[in-house]
Amino acid sequence: MLEVDYSQRLNGLIEQVNWDIQLPVEMSEYFASNGEASNSFPTDERSNQRISIRTRGLLWSEVALPFCPRPSRPIGIYTRDFSRTGAGFLSSLQFFPEEEVRIVLPTFWVRVRVTRVRRLGDACFEIGTILLQKYSPSENAFEPTPSTQMQSTH
């Protein structure tokens, strides 16, 4: 029963958010490529295999940087790939290293920390993260968490 409620709530929220990610033309087949991910570049020496999983998900900001307040509402994202220790996704918003976000997906949800960002277009950023925590489907995924800002050490 809980999984049904989780799925229904996620699907309802996915239908309510603005999907303003603008994929570049060369990514027109984006959702068609799932499975084992190839290396991003010739000298890519990752220690964990990545699996391409292309789906829509929701993101909530949990720890923002002081100069960049984030909305408390969910943001629509497209997942890119997952490994044992991290995840990649596409967003219409630019995030910055050290921000922490919650990503809610159909079969699980995670908390991750942003490690890298690359602009792909006007409203498309590729975000790389490290995994902080993985959770099974639960109503806790949707709990409003006030976005906290990192405190300056100066």
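The values are calculated or read from the model by the stated rules, or taken from the named source; none is laboratory data. A quick note: this is a predicted structure, and the numbers were derived from the prediction, not measured. A quick note on method: Cβ atoms are made from the backbone with ideal geometry, for glycine too, and the neighbour counts reach across all protein chains shown. For accessibility, only protein heavy atoms count, side chains too; no ligands or nucleic acids. Shrake-Rupley method; radii C 1.70, N 1.55, O 1.52, S 1.80 Å.
Screening the stretch 77-141 for strands (runs of 3 or more DSSP E) wholly inside it with 3 or more residues that are of a type in the set (D, E, K, R) and surrounded by fewer than 20 Cβ atoms within 10 Å (Cβ to Cβ) returns the ranges 109-121. Close Cβ contacts (under 6 Å, 6 or more residues apart or on different chains) running from residues in the stretch 50-68 that are within 15 Å of Phe108 (Cα to Cα) and open to solvent by less than 30 Å² (accessible area, probe 1.4 Å) to residues that are hydroxyl-bearing (Ser, Thr, Tyr) and outside any loop (DSSP other than H, G, I, E, B) comprise Gly57/Thr79.
If only residues of the stretch 1-49 that are touching a Cys at 6+ places or on another chain (Cβ under 9 Å) and open to solvent by less than 80 Å² (accessible area, probe 1.4 Å) are counted, the one that is modelled with the highest pLDDT is Ile21. Of the residues contained in the stretch 51-64, none is found to be farther than 23 Å from Gln22 by Cβ and in a loop (DSSP other than H, G, I, E, B).
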